[in-house]
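Contents: one structure, followed by commentary.
Bear in mind that the values in this text are calculations on the coordinates, not laboratory data. Everything numeric here is computed off the predicted structure, so don't read it as measured data. Heads up, the Cβs are rebuilt from the backbone with ideal geometry, glycines too, and the neighbour counts pull from every protein chain shown.
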Amino acid sequence: MPPADPATSSVITLHINGEKYTLPVDHRTTLLDALRERLDLTGTKKGCDHGQCGACTVLVGGRRSVACLQLAVAAEGREVTTIEGVAEGDRLHPVQEAFVELDGYQCGYCTPGQICSALAVLEEHAAGWPSAATEDVRPEAGPPPLTPEEIRERMSGNLCRCGAYVSIVRAVAQAAQRTSGTKETVA
Ligand code: FES
Ligand code: FES
């Protein structure tokens, strides 16, 4: 095998779920392919590979990112969280618990992306970020109630071909209630 061409490849170190991984990558390798094909972290799913479905959602520096549109080299030095890093040992995160308890999935293919996205939704909402569904966006109005409409809008980048949306919205609402103590708004 010919030596790697430094013009088209580099050795990078990725920080994923608290672990360091050093690997050579072609500069065109997406974070998604690095996770799945090189590091065996197959919890992150490939749906469209075009940034349209959200199946590959991970957290990069605490923010949502579709890993199919991010180059692995661009993730170097940033903390990446995938679905494998969400639970603490055998203890599920409240978002994961809510998805299990309320059947927030059918086939489960979109679920890792839905859960990573929901984690960010809760953070973004707690930080007071408005969404397109927020009626009063003035900073002094504070975080809007996490209504089903708010949740649907904030989770709208994650598609589910099984159509488990009703349960997904309920699961996100329950997780929000458990993590913040706010009143659950979904019946
Ligand atoms: S696989 Fe990345 S958005 Fe669909
Ligand atoms: S649970 Fe099957 S695609 Fe969402």
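Taking trypsin sites (Lys or Arg not before Pro) across segment 1-98, the ones in a DSSP loop with at most 11 further Cβ atoms lying within 10 angstrom of their Cβ are Arg28. Spin-label model, Asp26/Arg38: points 7 Å from Cα along the beta carbon direction are separated by 1.2 nm.
When only Cα pairs under 8 Å and 6 or more residues apart are kept, what is the percent relative contact order across the chain? Walk me through the numbers before you get to the answer.
On the way: 309 pairs, mean separation 37.4, N = 187.
Relative contact order of the chain: 20 percent.
The alpha carbon gyration tensor of segment 109-187 gives principal lengths a ≥ b ≥ c with a/c of 1.5 or higher and a/b greater than b/c, which makes the shape prolate.
Taking the average, over residues, of other Cβ atoms within 10 Å as the packing measure, peptides 136-145, 161-170 rank 161-170, 136-145 from highest down.
Suppose R0 equals 41 Å. What FRET efficiency, 1/(1 + (r/R0)^6) with r the Cβ-Cβ distance, do Thr147 and Asp49 give to the nearest 0.05?
Efficiency at R0 = 41 Å is approximately 0.80.
Calculate I(q)/I(0) for segment 1-145 by the Debye formula, one identical point scatterer on each C-alpha and no solvent, and give its log10 at q = 0.19 Å⁻¹ to two decimals. Each listed q maps to, in turn, -1.14. Pairs of C-alpha atoms in segment 74-133 farther apart than 19 Å represent 41 percent of all such pairs.
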